[in-house]
1. Does region B:147-161 hold any residues that are at pLDDT 85 or above and within 15 Å of A:Gly42 (Cβ to Cβ), and which are they?
2. Please count how many residues of region A:44-53 are surrounded by 21 or more Cβ atoms within 10 Å (Cβ to Cβ) and either within 21 Å of B:Ala224 (Cα to Cα) or touching a Cys at 6+ places or on another chain (Cβ under 7 Å) (or both).
3. Please work out which residue is farthest from the other protein chains (Cβ to nearest Cβ), limiting yourself to region A:44-69 and to residues that are part of a loop (DSSP other than H, G, I, E, B), on the phi < 0 side of the Ramachandran plot and free of Cβ contacts under 8 Å to residues at least 40 places away in the same chain.
4. Restricted to region A:10-60, and to residues that are of a type in the set (Ser, Thr, Tyr) and in contact with a His (Cβ under 8 Å, 6 or more places away or on another chain), which residue is farthest from B:Glu50 (Cα to Cα)?
5. Going through B:Gly195, B:Gly162 one at a time, which residue ends up being within 14 Å of chain A (Cβ to nearest Cβ) and exposed (fewer than 12 other Cβ atoms within 10 Å of the Cβ)?
6. Which residue is surrounded by the most Cβ atoms within 10 Å (Cβ to Cβ), if the candidates are limited to region A:17-43 and must be more than 11 Å from the chain's Cα centre (by Cα) and part of a helix (DSSP H, G or I)?
7. Go over the candidates B:Arg101, B:Arg70, B:Arg109, B:Arg74 one by one and state the one that is over 30 Å from B:Gly184 (Cα atoms), more than 10 Å from chain A (Cβ to nearest Cβ) and out of contact with any Phe, Trp or Tyr (no Cβ under 9 Å at 6 or more places or on another chain).
8. Being outside any strand (DSSP E or B) and under 20 Å from the mean Cα position of the chain (by Cα) is the filter; apply it to region B:64-87 and report the residue that is nearest to B:Ala106 (Cα to Cα).
Amino acid sequence: MKSIEVHYYAILRDQAGRRMERVETGAATAAELFDELRARHGLALSRDAMRVAINEEFGDWEHPLETGDRVVFIPPVAGG
Amino acid sequence: MRGFSFSAAPFSPDAFRTALADPACGGYASFEGWVRDHNEGRRVLRLEYEAYETLAIKEGERIVAEALERFGVRRIACVHRTGDLAVGELAVWVGVAAAHRDEAFAACRYVIDEVKHRVPIWKKEHYSDGDSGWVNCERCATAHAEPLELEFATLAAARAAGYELVDVRERWERDADPPGLMPGLHLPLSEYAAGRSELPAGGRYLIVCAHGVRSLALTEELRAHGHPAVYSLRGGLAALRV
């Protein structure tokens, strides 16, 4: 098990009902972590619509997670 | 001066524009994005912008660096608002100073287009009918997400799978059917539509009607209003094997 810090923004914050949480997980990758949290919180977005950031930089869904990683799921953006 | 920054309060571009002044520049182009009172046919009353600022600033700075390099302009600044904005307020400003106007226009256009598509900023619109939505997110939330409909052979199977049943048939329809057939909640569609009944938040619900049409419409409606774990029984009660 590893300890991951997850931050939620915008529509995901509304759906998860929280800004952040520390998750104890067996998920090997960001993709597995998202699928786990999606089921837990009933998140109504799928990965193909989103990007992921790991430790304050855009990352790959298949990137292996390590304890202490800070993960942010990024729903479709709408600046401007 | 930073190339890309956020402002949590209303700002005037004047100070940022002045900071772009450069004796080698003969042209200055700028873009201002304002809050519009409508979007996709709906009347917008106000907006909220939210950003993942750490990464947004990194990505914004990368865009500015790309534009400087690609168009050979001298100076660029971009400021984006966060927080609550009223109609007409300045949401984003881009300023570019260059030796000549062509590259100033091109770089300005590049920056605003890339910022819109790449920087982690989200916009929530509040509409005149009291509804609200995250722009670019609500549609993909319904299009790519969980299936709206589920199939079960029996209502017992649905309950065993952890769903609380919600019968949305009208009272007279239930009276015509043996009562006790369906444990769970009763939320007649007409009463929901009239605002007289609501579903408790946070549940995992299977919405049920006679043929699966009204339950599907209500499921879409509930998904858009804070009930992510709501499903419709495909085909309704008529499709059950009983």
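1. Across region B:147-161, the qualifying residues are B:Leu148, B:Leu150.
2. 2
3. Quick first cut of region A:44-69, residues part of a loop (DSSP other than H, G, I, E, B) only: A:44-46, A:50, A:55-56, A:60-63, A:65-69.
Then keep just the ones that are on the phi < 0 side of the Ramachandran plot; that gives A:44-46, A:50, A:60-63, A:65-67, A:69.
Still in the list and also free of Cβ contacts under 8 Å to residues at least 40 places away in the same chain: A:44-46, A:50, A:60-63.
Values: A:Ala44: 4, A:Leu45: 5, A:Ser46: 4, A:Met50: 9, A:Asp60: 15, A:Trp61: 15, A:Glu62: 19, A:His63: 15 Å.
Here the residue is A:Glu62.
4. Looking at the filtered set, the residue picked out is A:Thr29.
5. Being within 14 Å of chain A (Cβ to nearest Cβ) and exposed (fewer than 12 other Cβ atoms within 10 Å of the Cβ) holds for just one of B:Gly195, B:Gly162, which is B:Gly162.
6. Of everything passing the filter in region A:17-43, A:His41 is surrounded by the most Cβ atoms within 10 Å (Cβ to Cβ).
7. From the options B:Arg101, B:Arg70, B:Arg109, B:Arg74, the qualifying one is B:Arg74.
8. Filtering region B:64-87 for residues outside any strand (DSSP E or B) gives B:64-74, B:82, B:87.
Filter once more, keeping what is under 20 Å from the mean Cα position of the chain (by Cα): B:82, B:87.
Details: B:Thr82: 26, B:Val87: 28 Å.
The residue in question is B:Thr82.
The values are calculated or read from the model by the stated rules, or taken from the named source; none is laboratory data. This one's a predicted model, so the numbers in the text were calculated from it and none came from an experiment. Neighbour counts are summed over all protein chains in view; Cβ atoms, including those assigned to glycine, are modelled from backbone coordinates with ideal geometry.
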